[in-house]
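Structure, as structure tokens:
The values are calculated or read from the model by the stated rules, or taken from the named source; none is laboratory data. This structure is a prediction, so every number in the text was calculated from the model and none was measured. Glycine also receives a Cβ, built like all others from the backbone with ideal geometry; neighbour counts cover every protein chain displayed. Ligands, DNA and RNA are excluded from the accessible area calculation, which covers all protein heavy atoms including side chains. Shrake-Rupley method; radii C 1.70, N 1.55, O 1.52, S 1.80 Å.
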Amino acid sequence: MKISIKLGFWFFICIFIIEASSMFFLHRNVVHSLVNEELEALKSRGNSHSDVIEISYDEATLQHIKIMESQTDTEVVITDYVGKIITSSKTLDKSMDKILKRNMAEHILSNNGVIIQSDLHDEQYISTVSPFKTENGDIGFVYMFKSTEQIQNVISRLNEHFILASVLILFLMLFTIFFLSRALTKPLISMKEATRRMSKGDFSVSLPKTSSDEIGELSDSIQTLANDLNYLRKERNEFLAGISHELRTPLTYIKGYTDIARRNNLSEKDRLNYLNIIYEESNHIDNLLKELFDLAKMDQNNFSISKEKVNICLFMHSIFRKMEPAFESKGVKLEFICKKNAYVNIDPIRFEQVFLNLLDNALKYSDTNTLTTIEIKNEEDSINILVKDQGSGIPTEDIPYIFDRLYRVDKSRSRLTGGFGLGLSIVKEIVEAHCGIISVESQLNSGTCFKIILKGLD
Ligand SMILES: Nc1ncnc2c1ncn2[C@@H]1O[C@H](COP(=O)(O)OP(=O)(O)OP(=O)(O)O)[C@@H](O)[C@H]1O
Ligand SMILES: [Mg+2]
């Protein structure tokens, strides 16, 4: 069942129960007070007749009361103490007679009159009695009657109003529920449609920003998920295209040179030469696959880090010593600055990989007679390690992507400068696996500085 129908149905049931019960109680109270009012009015009318009779009990007064009542919708019957009718505004019928036959002796002392018949449904009249006692000692009763039919008429008119009001409220309620449930479920429906499209591989969904409540947040999350999946797919495609490009070049060499090396009429020297090229290219592929394998393991959080307390100055100095000859042979000066000893908790083997990569880049993208500096700075609660070169620098528009896999600023992928574009992605993965932060500042043609921030140990 559709959620809008379900929601609307339960909404309707709840409001219907509330409306029906409040209408029921309201109706009951209104009818009750209406009948009470009629009875009270009847009683006070009877009381005033009995008051008048007590003051002047004569034929003229009785006649006057009789005439007065015959002009209204109420009837009066005046009896003496034993129930003998003295006068009445109407010829008595069976129902009136039945009421008159009741024993009224118990009400004789009641000055305020008594309601003796209030049943609207089974009787023809509602009725009250007001006793009187004249100065001469004559005792009697003033009976007042009002036809229940008239009151029933008023009640049925009231019922009509109630029914009309209920139908109107019900109609408005249905109308409101219809629009409310639609408004509530509309964003859900578009979200359902979006996820359906996503499950079929179409991530180009765009959900409108509806509200800032839970539904709005859900819609935002789905939108973010779609964007991320779209980005991942794009990245995966680019990555695969990059890999196949990376593999195709050495494989073309291998294939071509193998073909030549197989020829019979080739001199041993040439054959060796070709075999060397084939060997180098195979090495190249091997390295690429190794790095890719490393990255894949990092992605699955599958590579082990065995952290230990490391003296960062000593550690960096050993790397400095390892790299110095390579820098020297290219004519690049490598400088090492560590003013204060500090300890960090790192995996030394992984971090060696990090700095070898950074220094390899610094060397690769620096010219002769430039300076590359390794500097360790102690900040308040962190250790900052900087690798700063005076090389070619990175164009500002490329900086956000240099940590991406297979990304290289120089797209020509020349064998002289280019690696695979994987070094920095490996660096980033390792630094982040140690809860560190890596950032870069670079200016084209003046140099690059990579900064790694690690949490220091006391
Ligand atoms: N110190 C630097 N100076 C100038 N450009 C740099 C520097 N370090 C990195 N880059 C740029 O960032 C790109 C990505 O670097 P990364 O180390 O990931 O790849 P690579 O060095 O090209 O290849 P790999 O490290 O896989 O052998 C490089 O191609 C280069 O353009
Ligand atoms: Mg590199």
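Side notes on the structure shown:
- Residue match in region 66-87 (condition: part of a strand (DSSP E or B), of a type in the set (D, E, K, R) and in contact (Cβ under 8 Å) with a residue 40 or more places away in the chain): yes
- Cβ-Cβ contacts under 6 Å between residues 6 or more apart (or on different chains), taken from a first residue in region 433-449 that is open to solvent by less than 20 Å² (accessible area, probe 1.4 Å) to a second residue that is assigned to a strand (DSSP E or B) and hydroxyl-bearing (Ser, Thr, Tyr), are listed as THR448/SER442.
- Filter pass, LEU184 being at pLDDT 90 or above, over 27 Å from ILE115 (Cβ atoms) and not assigned by TED's automatic domain parsing to the domain that holds LYS290: no
- Candidate set: region 266-306, residues that are open to solvent by 60 Å² or more (accessible area, probe 1.4 Å), closer than 21 Å to PHE239 by Cα and among the charged types (D, E, K, R); chosen: the one modelled with the highest pLDDT: ASP286
- Picking from residues in region 323-341 that are in a helix (DSSP H, G or I) and within 16 Å of ligand 2 (Cβ to nearest atom), the one that is least open to solvent (accessible area, probe 1.4 Å) is PHE327.
- Matching residues, region 255-289, being within 58 Å of the chain's Cα centre (by Cα) and over 22 Å from ASP404 (Cβ atoms): GLU280, GLU281, SER282, ASN283, ASP286
- Positions within region 415-432 being part of a helix (DSSP H, G or I), open to solvent by 10 Å² or more (accessible area, probe 1.4 Å) and touching a Phe, Trp or Tyr at 6+ places or on another chain (Cβ under 7 Å), in sequence order: LEU424, LYS428
- The set of residues in region 153-188 being touching a Ser or Thr at 6+ places or on another chain (Cβ under 8 Å) and of a type in the set (Val, Ile, Thr) consists of THR185 alone.
- Residue check for VAL409: within 14 Å of ligand 2 (Cβ to nearest atom), touching a helix residue (DSSP H, G or I) at 6+ places or on another chain (Cβ under 8 Å) and open to solvent by 20 Å² or more (accessible area, probe 1.4 Å): yes
- You will find that of ILE376, ILE402, ILE394, the residue that is more than 41 Å from the chain's Cα centre (by Cα), within 11 Å of ligand 1 (Cβ to nearest atom) and β-branched (Val, Ile, Thr) is ILE394 and no other.
- Test: VAL82 is in the same structural domain as GLY137 (by TED's automatic domain parsing), at pLDDT 85 or above and β-branched (Val, Ile, Thr): no
The rows are residues; the columns are (1) in contact (Cβ under 8 Å) with a residue 24 or more places away in the chain; (2) under 14 Å from ILE312 (Cα atoms); (3) within 14 Å of ligand 2 (Cβ to nearest atom).
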site	(1), (2), (3)
TYR343	yes, yes, no
ILE346	yes, yes, no
PHE351	yes, yes, no
LEU356	yes, no, yes
TYR365	yes, no, yes
THR368	yes, no, no
THR373	yes, no, no
GLU380	no, no, no
ASN384	yes, yes, no
